[in-house]
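Student: The structure follows.
The values are calculated or read from the model by the stated rules, or taken from the named source; none is laboratory data. Small disclaimer: the values here were computed from a predicted structure and weren't measured. Neighbour counts run over all protein chains shown; Cβ positions are idealised from the backbone, glycine included. Accessible surface is based on the protein model in full, side chains and every heavy atom, while ligands, DNA and RNA are left aside. Shrake-Rupley method; radii C 1.70, N 1.55, O 1.52, S 1.80 Å.
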Amino acid sequence: MNPEELRYAKTHEWVHVETDASGRKIATVGITAFALEALTDLVFIDLPEVGRSVQAGVPMGEVESVKAVSDLYSPVDGEVIEVNTGAADQLDKLPEDPYGAGWLVKIKITDEAGLKDLLDYQAYQKQCAEEMSEQ
Amino acid sequence: MSANDPALLRSPLHEWHIKHGARMVPFGGWCMPLHYTSIIHEHRTTRSAVGIADISHMGRLRFEGPGAAVFLAELITRRVADMVLNQIRYSFVTNEEGGILDDVLVGYYHDAYGQPFYVMVVNAANRTKIVDWVHRHLPPERAERPGHEVLFADVTALWAMFAVQGPRAVEVLQPLVDVDLHDMKYYHGAQVRILHPAAERQGGIISRTGYTGEDGFELSIGVGIAQGVWEAILDLGEPLGMVPTGIGARDTLRLEAGMPLYGHELSEDVNPFEAGLGFACHLVGYDFPGRDALKRIQSQPLGRVLVGIELDGRRPAREGCTILADGRPIGRVTSGTYSPTLQKPIAMGYVRPEYARPGTSLRVDVRGHLEAARVVRLPFYSRKRKGKSQ
C-alpha cells in the first residue's frame with residue numbers, strides 16, 4: 001500500500017479503509033515505518049483476538065521491544081475480523097514491508113464517526129518531524 | 001526528560017555519536033547513545049566479535065597522597081591496603097545502615113613519577129552523591145592531617161572512557177598500547193602510552209574489566225584526544241567486525257551476565273548480602289560507614305535474595321513486576337529484558353529466600369498476564385574462558 005494514501009493515528013498506527021463485497025467498511029491496521037524505526041528490536045506483539053470489539057484510541061494490543069513495552073491502539077471503533085499471526089511471528093521482517101505484508105489487524109468498522117480524527121499523510125509526516133526534533 | 005535537555009552532560013564524543021546515527025537518550029544525568037543500529041545487533045556483535053562503547057558518563061574520582069589508602073579503607077566495604085599495584089577491586093560504598101550508596105571499582109596505580117594514586121569509578125547517577133559523601137568524610141582537618149594528607153578530585157570531566165568488549169578485544173587494542181594485553185589479568189589495569197598519533201603522546205589507563213560478561217578492556221584517556229583515539233580504535237577494529245554499541249546493548253549484555261545495575265538491583269534500601277555480593281564486604285579490619293550494620297545483617301537470616309528468572313512465554317517481565325509463587329506475591333522484578341543470546345525473556349528480582357532455589361516455579365505478573373517462569377542460576381550467560389584471565 002502507498003503510505004501517502006493511508007490515514008494515521010497520532011499513536012503511530014496506519015489505517016487503510018476499504019469497502020468489501022458485502023458493503024462493510026474494513027480497516028486494515030499496522031504500525032508505521034517511523035514507529036518501527038523508533039521502537040527497533042521488536043521481540044513480541046500481542047494482537048487482539050478475532051471477534052473482540054475495539055475502540056478508537058483504546059489499546060488493543062502490546063508491542064514489546066528489547067527496551068520497553070508500548071501499547072498498540074485501535075484507530076477505529078469496530079470488531080476484529082482477522083489478525084496477521086504470520087507477521088507477529090516474524091517481527092524482524094516487519095520493517096521490510098510495514099504497509100503491506102506487515103499489516104497486523106483487520107477491523108470491521110462499526111462507527112465511522114471516528115475516522116475524521118485520523119491524520120492524512122502530510123499531517124502525520126509533520127507530527128513525526130516534530131517528535132524527531134523533540135528527541 | 002528529552003535528550004536535548006541543556007541540563008544533561010555531554011560526552012566528548014557527543015557530536016560523533018549524532019553524526020553516526022545514534023539515538024541519544026538521557027541516562028544518569030548524561031545524554032548518551034541508546035543504539036546506533038539496533039540493540040540486538042550491537043549485543044550480538046559484542047558476543048561474537050567486539051564492540052566499543054562510550055562510557056564517559058561513568059564518574060571517575062581520584063585519590064592520592066600518603067593518607068589515601070587508609071582513607072579509602074575507611075570509606076568502602078572492601079580491603080584497600082593489601083591491593084597490589086595495578087589491581088582493581090569491586091566494592092560498595094554503604095551508608096551507616098549498610099544500604100548501598102553505590103557499587104564502585106577501585107584501582108590502584110602509580111603515576112609517571114612513581115606516586116601512588118587510586119581511581120574510583122562510580123555510577124553516573126551517583127557521582128554527585130558520592131562526591132558529597134567523600135567530602136563529608138574528608139573535612140579539611142582530615143584531608144590535611146600531617147603525614148596522612150589526602151588529595152581528592154572528581155576527574156570525570158577531564159577523562160573520556162571507552163569499553164572495548166568481546167572475544168576480539170585483545171586483538172583490536174594490542175597495537176595501540178605499550179603493555180602486553182594478553183598477559184593482563186582480569187581485574188588488573190595499567191598506565192599505558194597510547195601508540196597512535198591521535199593520542200598526541202598522551203597516556204591513559206587501561207584495565208581488563210567490563211560490564212558485558214565478555215573478555216574486554218576499559219580505557220580512560222584525556223578528553224582532548226578522545227575522538228581521535230576512538231576513531232583509531234574503530235579503524236583497527238572494523239576489519240575484525242567491531243561496531244560502536246550504545247547503552248541499550250550495555251544493559252542487555254550486563255543482564256545476561258547477571259551483573260547488577262544500581263537503581264535496579266542495588267539501592268540504599270538493599271544490602272550487599274541480599275544482592276549475593278557479600279564477597280565485596282570485608283568486615284574485619286578498617287571501620288567504614290555501615291560496617292557494624294553489615295556485621296549485624298550478616299549474622300541474621302536474609303529477608304530476600306536476588307535471583308535470575310527465565311520466563312516461558314515471549315512477553316518480557318519488566319522492572320516492578322510482581323513475582324508470585326503458590327498464588328501469593330513473593331517478590332519483585334528489578335530488571336527484565338529479552339535476551340538476544342538465549343532468545344527468551346530473562347529477569348532479575350528479589351524473592352523470599354525459600355523461593356530462591358534454581359528450578360523453583362514462579363509466575364510473574366506482566367501487566368495482568370501471569371507468565372510462567374522459573375528461578376535459574378546466575379549468570380544467564382557465561383563466556384567460554386580460555387587463556388590466563390582467571
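Student: Among the residues of the range B:263-283, what is the count of those that are more than 20 Å from B:ARG377 (Cα to Cα) and either assigned by TED's automatic domain parsing to the domain that holds B:ARG332 or among the acidic types (Asp, Glu) (or both)?
Tutor: Residues in the range B:263-283 being more than 20 Å from B:ARG377 (Cα to Cα) and either assigned by TED's automatic domain parsing to the domain that holds B:ARG332 or among the acidic types (Asp, Glu) (or both): 2 in total.
Student: At pLDDT 95 or above, within 14 Å of chain B (Cβ to nearest Cβ), touching a strand residue (DSSP E or B) at 6+ places or on another chain (Cβ under 7 Å) and on the phi < 0 side of the Ramachandran plot: which single residue out of A:ASP71, A:ASP120 fits that description?
Tutor: On the way: A:ASP120 fails: within 14 Å of chain B (Cβ to nearest Cβ).
Checking each option against the conditions leaves just A:ASP71.
Student: Still on this structure: Look through the range A:32-46, keep the residues that are of a type in the set (Gly, Ala, Ser) and either within 14 Å of chain B (Cβ to nearest Cβ) or part of a strand (DSSP E or B) (or both), and return whichever of them is surrounded by the most Cβ atoms within 10 Å (Cβ to Cβ). Break it down stepwise before answering.
Tutor: Let us first name the residues in the range A:32-46 that are of a type in the set (Gly, Ala, Ser), namely A:33, A:35, A:38.
Next, only the ones that are either within 14 Å of chain B (Cβ to nearest Cβ) or part of a strand (DSSP E or B) (or both) stay: A:35, A:38.
Working: A:ALA35: 20, A:ALA38: 17.
Selected residue: A:ALA35.
Each row is one residue, and each column tells you yes or no for (1) more than 11 Å from chain A (Cβ to nearest Cβ); (2) open to solvent by 30 Å² or more (accessible area, probe 1.4 Å); (3) not in a strand (DSSP E or B).
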position	(1), (2), (3)
B:ASN4	no, yes, yes
B:PRO12	yes, yes, yes
B:HIS17	yes, no, yes
B:MET32	yes, no, no
B:THR37	no, yes, yes
B:THR45	yes, no, yes
B:ALA53	yes, no, no
B:SER56	yes, no, yes
B:ARG62	yes, yes, no
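Student: Just to be sure I understand, how many residues within the range B:19-28 are within 19 Å of B:ALA163 (Cα to Cα) and either touching a residue at least 40 places away in the same chain (Cβ under 8 Å) or more than 14 Å from every other protein chain (Cβ to nearest Cβ) (or both)?
Tutor: 6
Student: If you don't mind, another one. One residue is enough: does the range B:127-146 have a residue meeting the conditions under 30 Å from B:ASP251 (Cβ atoms), surrounded by 15 or more Cβ atoms within 10 Å (Cβ to Cβ) and more than 22 Å from the chain's Cα centre (by Cα)? Walk me through how you get there before you give the answer.
Tutor: Of the range B:127-146, the ones under 30 Å from B:ASP251 (Cβ atoms) are B:127-134.
Next cut, surrounded by 15 or more Cβ atoms within 10 Å (Cβ to Cβ) only: B:127, B:129-131, B:133-134.
Filter once more, so that each one left must be more than 22 Å from the chain's Cα centre (by Cα): none.
No, because not a single residue in the range B:127-146 is under 30 Å from B:ASP251 (Cβ atoms), surrounded by 15 or more Cβ atoms within 10 Å (Cβ to Cβ) and more than 22 Å from the chain's Cα centre (by Cα).
Student: What is the number of the single condition among (1) away from chain B (no Cβ under 14 Å); (2) open to solvent by 80 Å² or more (accessible area, probe 1.4 Å); (3) farther than 26 Å from A:ASP46 by Cβ that A:GLU134 does not meet?
Tutor: (1)
Student: Still on this model: Filter the range A:1-25 down to residues that are open to solvent by less than 10 Å² (accessible area, probe 1.4 Å) and part of a strand (DSSP E or B) and give me whichever is nearest to the other protein chains (Cβ to nearest Cβ).
Tutor: Among those that are open to solvent by less than 10 Å² (accessible area, probe 1.4 Å) and part of a strand (DSSP E or B), it is A:GLU13.
Student: Now, a different point. Kindly establish whether B:ALA317 is of a type outside the set (Lys, Arg), in contact with a strand residue (DSSP E or B) (Cβ under 6 Å, 6 or more places away or on another chain), free of Cβ contacts under 8 Å to residues at least 40 places away in the same chain and crowded, with 18+ Cβ neighbours inside 10 Å.
Tutor: Numbers: of a type outside the set (Lys, Arg): yes; in contact with a strand residue (DSSP E or B) (Cβ under 6 Å, 6 or more places away or on another chain): yes; free of Cβ contacts under 8 Å to residues at least 40 places away in the same chain: no; crowded, with 18+ Cβ neighbours inside 10 Å: yes.
No, not satisfied.
Student: Okay, moving on. Could you please give the count of residues in the range B:335-390 that are part of a strand (DSSP E or B), crowded, with 19+ Cβ neighbours inside 10 Å and hydroxyl-bearing (Ser, Thr, Tyr)?
Tutor: So the answer is 5.
Student: Next question. So, in the range B:196-233, of the ones that are in contact with a Pro (Cβ under 7 Å, 6 or more places away or on another chain) and in a helix (DSSP H, G or I), which residue ends up surrounded by the most Cβ atoms within 10 Å (Cβ to Cβ)?
Tutor: Start the filter on the range B:196-233 by keeping residues that are in contact with a Pro (Cβ under 7 Å, 6 or more places away or on another chain), which leaves B:213-215, B:223, B:226-227.
Now narrow it down to the ones that are in a helix (DSSP H, G or I): B:223, B:226-227.
On the way: B:VAL223: 15, B:ALA226: 22, B:GLN227: 17.
So the residue we want is B:ALA226.
Student: Okay, moving on. Could you list all residues from the range B:245-261 that are in contact with a helix residue (DSSP H, G or I) (Cβ under 7 Å, 6 or more places away or on another chain) and either surrounded by 23 or more Cβ atoms within 10 Å (Cβ to Cβ) or hydroxyl-bearing (Ser, Thr, Tyr) (or both)?
Tutor: If we filter the range B:245-261 for residues that are in contact with a helix residue (DSSP H, G or I) (Cβ under 7 Å, 6 or more places away or on another chain), which is where we start, we get B:245-246, B:248-249, B:252-253, B:261.
Passing the criteria: B:THR245, B:GLY246, B:GLY248, B:ALA249, B:THR252, B:LEU253.
Student: Report yes if some residue within the range B:310-318 is part of a loop (DSSP other than H, G, I, E, B) and on the phi > 0 side of the Ramachandran plot; otherwise report no.
Tutor: At the first step, the residues of the range B:310-318 found to be part of a loop (DSSP other than H, G, I, E, B) are B:312-318.
Those still in the list that are on the phi > 0 side of the Ramachandran plot too: none.
Checked the range B:310-318: no residue is part of a loop (DSSP other than H, G, I, E, B) and on the phi > 0 side of the Ramachandran plot.
Student: Quick check, is B:ALA293 surrounded by fewer than 24 Cβ atoms within 10 Å (Cβ to Cβ), more than 29 Å from A:ASP46 (Cα to Cα) and more than 14 Å from chain A (Cβ to nearest Cβ)?
Tutor: Working: surrounded by fewer than 24 Cβ atoms within 10 Å (Cβ to Cβ): yes; more than 29 Å from A:ASP46 (Cα to Cα): yes; more than 14 Å from chain A (Cβ to nearest Cβ): yes.
Yes; evaluated as a whole, the condition is true for this residue.
Student: Looking at A:GLU64, A:GLU49, can you tell me which residue is open to solvent by 10 Å² or more (accessible area, probe 1.4 Å) and either away from chain B (no Cβ under 14 Å) or not aromatic (Phe, Trp, Tyr) (or both)?
Tutor: On the way: A:GLU64 fails: open to solvent by 10 Å² or more (accessible area, probe 1.4 Å).
Checking each option against the conditions leaves just A:GLU49.
Student: Still on this structure, I have one more. Looking at the range B:312-321, can you tell me whether even one residue there is under 25 Å from A:ASP89 (Cα atoms) and away from chain A (no Cβ under 14 Å)?
Tutor: no
Student: Just to check your reading of the model, which residue among B:ASP132, B:ASP180 is outside any loop (DSSP other than H, G, I, E, B), free of Cβ contacts under 8 Å to residues at least 12 places away in the same chain and not small (Gly, Ala, Ser)? If you could, list the steps in order and put the result at the bottom.
Tutor: Details: B:ASP180 fails: outside any loop (DSSP other than H, G, I, E, B).
Step by step, each of B:ASP132, B:ASP180 is checked, and only B:ASP132 is outside any loop (DSSP other than H, G, I, E, B), free of Cβ contacts under 8 Å to residues at least 12 places away in the same chain and not small (Gly, Ala, Ser).
Student: Pull up the range A:74-126, narrow it to residues that are in a strand (DSSP E or B) and open to solvent by 60 Å² or more (accessible area, probe 1.4 Å), then point me to the one that is nearest to B:GLY313 (Cα to Cα).
Tutor: A:GLU82
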